[in-house]
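Data block below; observations after.
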Amino acid sequence: MQKRISYLAGSWYPKKSESCENAIKDYQKKSKIINDKNLFYKIGIVPHAGWLYSGVLAHSVIYNISRYANPDIIFLAGGHLSFYDNFYFMAECEVETPFGALRCIDDYHNDLTKNLKYKIEEADDYEPDNTTELQLPFLKYYFPNAKIVIVRIPPNETALIFSENLTNLINKKNLNFIFIASSDLTHYGFRFNFMPAGKGAAALDWVKNQNDKSIIDAALNLQSRKILELANTKHNACCSGAIAAAAELAFLLNRKNAKLVDYYTSADVMQDEDTSDFVGYAGIIY
């Protein structure tokens, strides 16, 4: 079986298993825990900057889900794609992580791509993708025996069709699953050519309390179409197709208890309110 190699290990996150585990044990102490014995969370939204910035929050989401779920299969969605891009589906392969390989399967390819324009990515011919790769060590660590399906979703109607396909598949096969969607929020500043609120503390406040808040609220209220619209007009998510797919899946599966695990920005991590460039990160579970 072909192996999908890790492109970002050793730079965006640790390459060695010992270093990854040490980071995870540190994140466990810092993670915010959602305690609700009456609910079982199975869907999450995570950020995907390097672990220095987003590691604690991405871990918090997956760690919380691991306390409620022990899946047979993980659906992982991301993708820095444009409105006009296709849907991408990873072919069967072994996916490399510091903790050993995850088995990526394409058993459900026909079910998940129904009514979609799509392309197959092969382990030896795929676009390196931080949106999904940065989550793989966490997923292998907490769900070592689970199989995985990796997709990239464009920010258009495809996200909603995919979630309908996935809902039908889950119900038909009675799948024991979790779904993880990966996206960062507003990319603000000179570097990103996006500065509608000026710079400094005022800009940071605008991003936190207006721009990012609007798409977080839409996600918490399962408003998948609004998520796509906001990202297109407000530029407050880099992978809104993945976020919209998560919210739509939660809606279709009647998982209406959404929780914001945490929210912060790269400026908060660096403790620099006057930074000229920063990115927002949110963690949500359903």
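Here are a few things to note about the model shown:
- Candidates in region 91-128 are the residues that are over 23 Å from LYS15 (Cβ atoms) and among the β-branched types (Val, Ile, Thr); of these, the one that is surrounded by the fewest Cβ atoms within 10 Å (Cβ to Cβ) is ILE120.
- Residue in region 38-47 that is surrounded by fewer than 19 Cβ atoms within 10 Å (Cβ to Cβ) and touching a strand residue (DSSP E or B) at 6+ places or on another chain (Cβ under 8 Å) present: no
- Given (1) assigned to a strand (DSSP E or B); (2) under 25 Å from ASN236 (Cα atoms), index of the condition SER82 fails: (1)
- Only one of the listed residues (ASN193, ASN209, ASN145) is of a type outside the set (Asp, Glu) and either under 13 Å from the mean Cα position of the chain (by Cα) or more than 19 Å from THR265 (Cα to Cα) (or both). That residue is ASN145.
- Restricting ILE180, ILE170 to residues that are under 18 Å from the mean Cα position of the chain (by Cα) and modelled with pLDDT of 95 or more narrows the list to ILE180.
- Taking region 108-181 and the helices (runs of 4 or more DSSP H) fully enclosed by it, the elements with 1 or more residues that are more than 24 Å from ASN64 (Cβ to Cβ), touching a Phe, Trp or Tyr at 6+ places or on another chain (Cβ under 7 Å) and touching a residue at least 60 places away in the same chain (Cβ under 8 Å) are at 158-173.
- In region 113-155, residue farthest from SER54 (Cα to Cα) [restricted to those that are among the hydrophobic types (A, V, I, L, M, F, W, C) and in contact with a Leu (Cβ under 6 Å, 6 or more places away or on another chain)]: ILE148
- Taken over region 239-267, the criterion of being closer than 18 Å to PHE87 by Cβ, in contact with a helix residue (DSSP H, G or I) (Cβ under 6 Å, 6 or more places away or on another chain) and of a type outside the set (Ser, Thr, Tyr) is satisfied by CYS239, GLY241, ILE243, ALA244, ALA245, ALA247, GLU248, LEU249, LEU252.
- Total residues in region 13-24, condition in contact with a Gly (Cβ under 9 Å, 6 or more places away or on another chain) and either within 16 Å of TYR68 (Cα to Cα) or not in a helix (DSSP H, G or I) (or both): 2
- Any hit, region 59-74, residues being under 22 Å from THR186 (Cβ atoms), crowded, with 19+ Cβ neighbours inside 10 Å and in contact with a helix residue (DSSP H, G or I) (Cβ under 7 Å, 6 or more places away or on another chain): yes
- Counted residues, region 253-279 - those being among the charged types (D, E, K, R) and touching a residue at least 40 places away in the same chain (Cβ under 8 Å): 6
- Note on region 264-285: residues that are farther than 12 Å from ALA49 by Cβ and of a type in the set (Ser, Thr, Tyr) amount to 2.
- Looking only at region 25-50, and only at residues there that are assigned to a helix (DSSP H, G or I) and closer than 28 Å to SER240 by Cβ, the one that is modelled with the lowest pLDDT: LYS30
- For region 171-207, residues that are basic (Lys, Arg) and in contact with a Gly (Cβ under 8 Å, 6 or more places away or on another chain) total 1.
The values are calculated or read from the model by the stated rules, or taken from the named source; none is laboratory data. Model, not experiment: these values are computed from the prediction. FYI the Cβ positions are ideal-geometry reconstructions off the backbone, even for glycines, and counts take in every protein chain you see.
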